[in-house]
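Participant: Can you keep this structure in mind? I'll have questions shortly.
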Amino acid sequence: MEPIEFALKRRFIIKLGKALHQYGTPAYRLETHLRRVSAHLGLDGYFLITPTTMTFVLNHGDDQEYNHMARVKPGDLDLGSLARCDDLVDEVLDGSRDLGEANERLTEIIDKPSAYNTLVTGMAFTLTPAAFSMLIASGWHDVLWSCPLGMMVFILVKLAEKSPRLAEMLEPLAAIICAFSATAIAFIDPLVNIPVLILSGIIVFVPGLALTLGLAELAARDLISGTARIMDALMLLCKLYFGGLLGIMLAQAIFGTPTTIMSEPLPRWALWSAVPFLSCLLVVLFKARPKDAPWGISAGIIAFVFAMLGGIYLGESIGIFVGALAVGIYANLYSRWMHAPATIALLQGIVILVPGSKTYLGLSSLVSGQVVLNQAHIGSQVFLIFMSLIAGLIFANVAVPPRSTL
């Protein structure tokens, strides 16, 4: 292999790996995908991926070898760019695009702005807390007041994009502001549930999906990445809880302790309508392509319906296994039908099932000794639900293997 050709191939593989990591691809999927691309290009590739580091070892025979190590930041989900990268890889593998063009196209994908403008994204951040409040059947007062909290979080996120110092303290600061505001709101409207209102405001930061991905990596024997991802998620959870506690204490020091009244829970129809509502908002938050939106919304509905049906006959925790199995099979079928990454449909369905909110509430019950919602043994359920999720995804991959490695 000519040195120029070897340099072109390794440059594409490294650039592709960094892009897919930036878009939130789990380590075990990314390593497998890069090995597949490297083998097709005639290279032996060995990769070690963690949320914060990437190591590439590429060689061709005994005379051409290249090592590359990079320090990276944990990626954020961008399903639209992930799908474009997958399309680009397919074009390279079938020979319809050469590596020179592929490198230019990859640069375009990385630099391409989100398909959703600031107004649409702001609406998604504003309405997501309301959809979450409906999903946990809290009360109409919580649904109403959670919207301004979501808007404040969005403003903080936009400011953090321009200020690295603010970005370092974004999550705990958002929790402090939401907790302070929720306590103040309780003096105006005593029918709100303060902890639920706080949780709704910061729900976009609660790392339920990160915990699930970390456990999936551990199940795939990717021990380094899985452990790092879980510890990062647990630390984020602790920062959010501390911020919420500090915000409540500050508000009570200034205004006093509010007296709240338990409100009526939402009717059953509101719970069912919250699922497609939240799934539509996740399309924007995950930056999925508009043409992939119906598949993602359907994934959320399938996950919820099968989890509810499984819960009726097998119990809530094991019902999550049924939901994960159903959405995993659906995502793999989608990958085969549409020639797209299964991750696009899978994550938008799994996020409906992940017990991120229960993890936060369980931590609150453990520390304060107070039960936030009328759910017994909420802490003991979390681990079983996570295990049911992972088992459902494993069984789904056995029943219907995905088309691609992403």
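The values are calculated or read from the model by the stated rules, or taken from the named source; none is laboratory data. Since the structure is predicted, the reported quantities are computational estimates derived from the model, not experimental observations. Backbone-built Cβ (ideal geometry, glycine too); neighbour counts: all protein chains shown. These area figures cover heavy atoms from the full protein model, side chains too; ligands, DNA and RNA do not enter into them. Shrake-Rupley method; radii C 1.70, N 1.55, O 1.52, S 1.80 Å.
Participant: If you wrap a convex hull around the alpha carbons of region 118-239, what volume per residue comes out, as a whole number of Å³? Please list the in-between numbers first.
Facilitator: Working: hull volume 14.1 nm³, N = 122.
For region 118-239, the hull spanned by Cα atoms encloses 116 Å³ per residue.
Participant: Order PHE12, PHE180, PHE383, PHE286 by their accessible area, 1.4 angstrom probe, all chains in place, largest first.
Facilitator: Numbers: PHE12 0, PHE180 65, PHE383 140, PHE286 25 Å².
Per-residue accessible area, sorted high to low, gives PHE383, PHE180, PHE286, PHE12.
Participant: On a 0 to 90 degree scale, rounded to 10, what angle separates helix 27-40 from the longest Cα axis of the chain?
Facilitator: 20
Participant: What is the distance, in nm, between label points placed 7 Å from the Cα along the Cα-to-Cβ direction at MET308 and at ILE4?
Facilitator: Simple spin-label model gives 6.2 nm for this pair.
Participant: Continuing with this model, one more query. Run lengths n ≥ 4 of DSSP H only: what is the helix-derived mean residue ellipticity at 222 nm for the chain, with -39500 (n - 2.57) per run over all residues, to the nearest 500? Please list the in-between numbers first.
Facilitator: Numbers: 17 runs with 289 residues, N = 406.
About -24000 deg cm²/dmol.
Participant: Give the ranking of LYS9, LYS291, LYS162, LYS18 by solvent-accessible surface, highest area first, calculated with a 1.4 Å probe.
Facilitator: Working: LYS9 20, LYS291 135, LYS162 180, LYS18 75 Å².
Per-residue accessible area, sorted high to low, gives LYS162, LYS291, LYS18, LYS9.
Participant: Still on this structure, please answer the following. How much accessible area does MET151 have with a 1.4 Å probe, in Å² rounded to the nearest 10?
Facilitator: It works out to around 80 Å².
Participant: Using a 1.4 Å probe, what is the accessible area per residue for the chain, in Å²?
Facilitator: The answer is 45 Å² per residue.
Participant: Taking the structure as given and computing semi-axes √(5λ) of the Cα gyration tensor in Å, which label from (i) 30, 27, 26; (ii) 33, 28, 18; (iii) 40, 23, 19 fits?
Facilitator: Given (i) 30, 27, 26; (ii) 33, 28, 18; (iii) 40, 23, 19, the structure-derived one carries the label (iii).
Participant: By how many degrees, 0 to 90 and rounded to 10, does the Cα axis of helix 316-338 deviate from the longest principal axis of the chain?
Facilitator: For helix 316-338, the angle is close to 40 degrees.
Participant: Something else now. Hey, any idea what % of region 260-312's accessible area is carbon plus sulfur with a 1.4 Å probe?
Facilitator: On the way: 1960 of 2630 Å².
Looking at region 260-312 in its full context, I get 75 percent from C and S.
Participant: Also, quick follow-up: Given LYS9/LYS158; LYS112/LYS239; LYS112/LYS291; LYS162/LYS239; LYS15/LYS112, which pairs have Cα atoms separated by over 25 Å? Let's see the in-between values first.
Facilitator: Details: LYS9/LYS158 37 Å; LYS112/LYS239 32 Å; LYS112/LYS291 17 Å; LYS162/LYS239 22 Å; LYS15/LYS112 15 Å.
Checking Cα-Cα distances, LYS9/LYS158; LYS112/LYS239 exceed 25 Å.
Participant: Taking only Cα atoms, what is the 0 to 90° angle, nearest 10, from helix 208-219's long axis to the longest principal axis of the chain?
Facilitator: The angle comes out at about 50 degrees.
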